[in-house]
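Chemist: Handing you a structure now.
The values are calculated or read from the model by the stated rules, or taken from the named source; none is laboratory data. Predicted model, so just to flag it, every value in this text is computed and none were measured. For neighbour counting, all protein chains shown are included, and Cβ atoms are generated from backbone atoms with ideal geometry for every residue, glycine included. Quick note on the areas: whole protein, heavy atoms, side chains included, nothing else; ligands and nucleic acids left out. Shrake-Rupley method; radii C 1.70, N 1.55, O 1.52, S 1.80 Å.
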Amino acid sequence: MRRARRRSNDDEADVDMTPMLDIVFIMLIFFIVTAVFLDETAVDLTQPPPPPEDQPPPQNPPPAITVYVDNNNQCSVDGLRSTCGGVLARIERQLADKPGASVILRFDPEAKHNVLVQLKDGLDGRGMASKIEVVQRAS
Amino acid sequence: MARRSRTSVTDEGTELNMTPMLDVVFILLIFFIVTSVFVKTPGLEPFKPEALTDQAWNPTILVAVDSSSNVWIDKKPYKIEEIRPILTALRDETPKANAIIQADRDADVGTVMGVQELFQDLGVITRVGTE
């Protein structure tokens, strides 16, 4: 009984909150200053894992249109030189000959990243599936 | 004169009710603690390619590739051959992390895709940053 009375006295006594407030403000300022607000946009360039080795390749693989970009950022579609901006139009023309063909984007490791993103973005925007390969000095 | 000084004395004497302000301050504090992600920024902002099909992405691991194909992690440049242990350490710090590769337009495809391959080997979901 007496204890309860004492506790209620304690509650009424004014606690000096100033030091706690100082700490809270310092923490608040610290978190405001260190907060990093990321606003990133990104494209997915990840490739599906290769099929297991022991599995035989499909008997009738679908036809493919190969785009090659060499180390000087020269683009070619199925071996024919093309401007990199004209690759998409050329692929569309090729698709008329090879319906249902898949697109393989083959890059020299020294080709520029921008070309890859432009081509992949253009193909994704048209709903065409494509596969990215990085090859060393392939023809 | 006398009246003015007396009012100011009474103003100082009255205690300000700080409870609402404290509530707000605490809510702010908790908000910033909860939202704070301690991201190690790469230390440079590359001139990234533009894309129409890009999507918002919330990464916790940031890696940048500059135009001379140096890989920047936590404000230090590396060559691609030496980043595997660093990426492994970053992955172990935050096992559920997503990564972003912020590559310059002029970066080599080989480097960007090489970093991405490393991330895929480590089981980190990776996207490539765009403007």
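Chemist: Within 10 Å of each Cβ of B:88-99, how many other protein chain Cβ atoms are there on average?
Modeler: Across B:88-99, the average partner-chain Cβ count within 10 Å equals 0.
Chemist: Moving to a separate point now. Taking Cα atoms, how many degrees apart are the long axis of helix B:2-13 and the longest axis of chain B, rounded to 10 and kept between 0 and 90?
Modeler: The two axes meet at around 50 degrees.
Chemist: Add +1 for every Lys or Arg and -1 for every Asp or Glu among the other residues with Cβ under 9 Å from the Cβ of B:Q55, and state the total.
Modeler: -1
Chemist: By accessible area of protein heavy atoms, probe 1.4 Å, what ranking do B:K48, A:K98, B:K79 get, highest first?
Modeler: Accessible-area ranking of B:K48, A:K98, B:K79, largest first: B:K79, A:K98, B:K48.
Chemist: When DSSP beta bridges are limited to those with both residues in the protein assembly as shown, what percentage is antiparallel, rounded to the nearest 5?
Modeler: So the antiparallel bridges amount to about 45 percent of the total.
Chemist: Show that you can apply the helix-only estimate: for chain B, add -39,500 (n - 2.57) for every DSSP H stretch of four or more residues, divide by all residues, and state [θ] at 222 nm to the nearest 500.
Modeler: Calculated from helices alone, the mean residue ellipticity at 222 nm is -12500 deg cm²/dmol.
Chemist: Taking the full set of protein chains and a 1.4 angstrom probe, give the accessible area of A:C75 in square angstrom, rounded to the nearest 10.
Modeler: Using a 1.4 Å probe on the heavy atoms, I get roughly 0 Å².
Chemist: For chain B, find the longest principal axis of its Cα atoms and tell me its angle to the long axis of helix B:109-121, 0 to 90°, nearest 10.
Modeler: 70
Chemist: Right, another one. Could you work out which residue, out of B:F119, B:F38, B:F47, moves most in a Gaussian network model of chain B, that is, has the largest mean-square fluctuation with Cα springs under 10 Å?
Modeler: B:F38
Chemist: Are there DSSP H segments in chain A that both extend 15 Å or more along their axis (alpha-carbon positions) and score a mean Kyte-Doolittle hydropathy of at least -1.0? List them, or say none.
Modeler: The answer, listed by residue number, is A:18-34, A:87-97, A:113-125.
Chemist: Ok, one more. Among all lysine pairs in chain B that are eight or more places apart or on different chains, how many have alpha carbons less than 22 angstrom apart?
Modeler: 8
Chemist: Along the Cα-to-Cβ line of B:T53, 7 Å from the Cα, sits a label point; which residues in the range A:31-47 have backbone N less than 19 Å from it?
Modeler: What the label zone holds, given the 19 Å backbone N cut-off, is A:41-47.
Chemist: Looking at chain B, send over the antiparallel percent of its DSSP beta bridges, to the nearest 5.
Modeler: 35
Chemist: At 1.4 Å probe size, with no ligands or nucleic acids counted, give the accessible surface of A:M20 in Å², nearest ten.
Modeler: Counting only protein heavy atoms, A:M20 exposes about 80 Å² to solvent.
Chemist: Could you tell me the accessible area of B:D54 in Å² (1.4 Å probe, neighbours in place), rounded to the nearest ten?
Modeler: 40
Chemist: In peptide B:121-130, what is the residue-averaged number of other protein chain Cβ atoms found within 10 Å of each Cβ?
Modeler: The mean count of partner-chain Cβ atoms within 10 Å per residue comes to 3.
Chemist: Further, regarding this structure: Leaving ligands and nucleic acids out of the surface, order A:D39, A:D70, B:D23, A:D78 by accessible area at 1.4 Å, largest first.
Modeler: A:D39, B:D23, A:D78, A:D70
Chemist: What does the average come to when, for each residue of peptide A:27-33, you count the partner chain Cβ atoms lying within 10 Å of its Cβ?
Modeler: 5
Chemist: Fully extended, how many nm does the chain gain between B:T14 and B:K75 (0.36 nm per residue separation, minus their Cα-Cα distance)?
Modeler: Difference between extended and current length: 16.7 nm.
Chemist: Let me ask you something else. Provide B:L52, A:L80 ordered by accessible surface of protein heavy atoms (probe 1.4 Å), highest first.
Modeler: Descending accessible area places them as B:L52, A:L80.
Chemist: A follow-up question, please. For A:K131, give me every one of the lysines with a C-alpha distance below 21 angstrom, ignoring sequence neighbours fewer than eight places off in its own chain.
Modeler: A:K98, A:K112, A:K120
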